[in-house]
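The values are calculated or read from the model by the stated rules, or taken from the named source; none is laboratory data. Here the structure is a predicted model, which is why all the values come from computation and not from measurement. Cβ atoms come from the backbone with ideal geometry, glycine included; neighbour counts cover every protein chain shown. These area figures cover heavy atoms from the full protein model, side chains too; ligands, DNA and RNA do not enter into them. Shrake-Rupley method; radii C 1.70, N 1.55, O 1.52, S 1.80 Å.
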Amino acid sequence: MSATVNDIVKIMDSIAPRNLAEEWDNAGFLIGRGNSSIKKIMVALDVSPEVVQQAVGQKADMLITHHPPIFKPLKNICDSSWQSDLLLKCIENGIAVYSAHTSLDSVLGGVNDVLAEKLGLEKTVSLVKNDANCGALGRVGYLPQKMEFEKFAQVVKEALGLSFVTGISAGKTVYKVALCGGAGIDFIAEALEQGADTYVTGDIKYHEAQNAVFSGLNLIDATHQGTELPVVAVLADKLSLRLAAAGFAAQVLTARETLLFKQY
Ligand SMILES: [Zn+2]
């Protein structure tokens, strides 16, 4: 049985329920016709030039990404910017787009659980508290055993397949670790409140770093992309299983995405 865009949207909404998305987000079905038939789906972190090139080359009918390619209201869709040029390429090539953004961050088994598992954390709970037992942003959990900060920085680097991470030690031994995939530096207060000694996230800026470290929290910046990429393969597997269980014949591919930041 062939799946339509609407069928995939329904499955994705069950994997990453849209009611878990933050209010400011623009997650969900963003480009395409609901009744188009889907044979090949590509899962990626971003709608970037290399991803769209792969989707077109592989004749994918649908892109499932973490970051939504449409975020602020658009004034036009012409090829005057790289973002709208990519939207045009998707439309011209019949590629529908669905993005599971903060919905996938918060959901159990999503971005943050995958990251926590990669780092070997146990007994994890959500970093940001909410009433429902369905996951919220970030996670906090324990390492199997205490570790020196320098050693933990190596563990993070290797677990995420990165060539570098940056970090600042507040002089604490690492045991209770808070994390938030992507740009999570706004949750320093939550990490401190939950008694974490170390916080792993991406996009850390100078003054926020000062605030964290002088408050006694070790920090590791494993890059925005590096902390979120691991979810892509997990999401692709999950989607593939759900499609098979529903009797749909669509194929699921994962895009190859280059790490943007390199160390020189
Ligand atoms: Zn992100």
Answer yes or no as to whether VAL47 is of a type in the set (A, V, I, L, M, F, W, C), assigned to a helix (DSSP H, G or I) and either within 16 Å of the ligand (Cβ to nearest atom) or touching an Asp or Glu at 6+ places or on another chain (Cβ under 9 Å) (or both).
-> no
Got a sec? Which of VAL177, VAL165, VAL213, VAL232 is at pLDDT 95 or above, within 13 Å of the ligand (Cβ to nearest atom) and either among the aliphatic types (A, V, I, L, M) or closer than 17 Å to VAL111 by Cα (or both)?
-> VAL232
Which of the following residues is within 18 Å of the chain's Cα centre (by Cα) and buried (at least 17 other Cβ atoms within 10 Å of the Cβ): GLY141, GLY135?
-> GLY135
Just wondering, is there one or more residues in the stretch 194-209 that are within 27 Å of MET12 (Cβ to Cβ), without any contact (Cβ under 8 Å) to a residue 40 or more places away in the chain and of a type in the set (Gly, Ala, Ser)?
-> yes
Please give the number of the condition ASP186 fails out of (1) touching a Pro at 6+ places or on another chain (Cβ under 9 Å); (2) within 29 Å of ASN19 (Cβ to Cβ).
-> (1)
Would the stretch 2-18 turn up any residue that is within 16 Å of the chain's Cα centre (by Cα), open to solvent by 20 Å² or more (accessible area, probe 1.4 Å) and under 19 Å from ALA183 (Cα atoms)?
-> no
Give the residues of the stretch 180-210 that are within 13 Å of the ligand (Cβ to nearest atom) and of a type in the set (Val, Ile, Thr), sorted by residue number.
-> ILE185, THR201
Matching residues in the stretch 48-72 - criterion: being small (Gly, Ala, Ser) and open to solvent by 30 Å² or more (accessible area, probe 1.4 Å) | GLY57
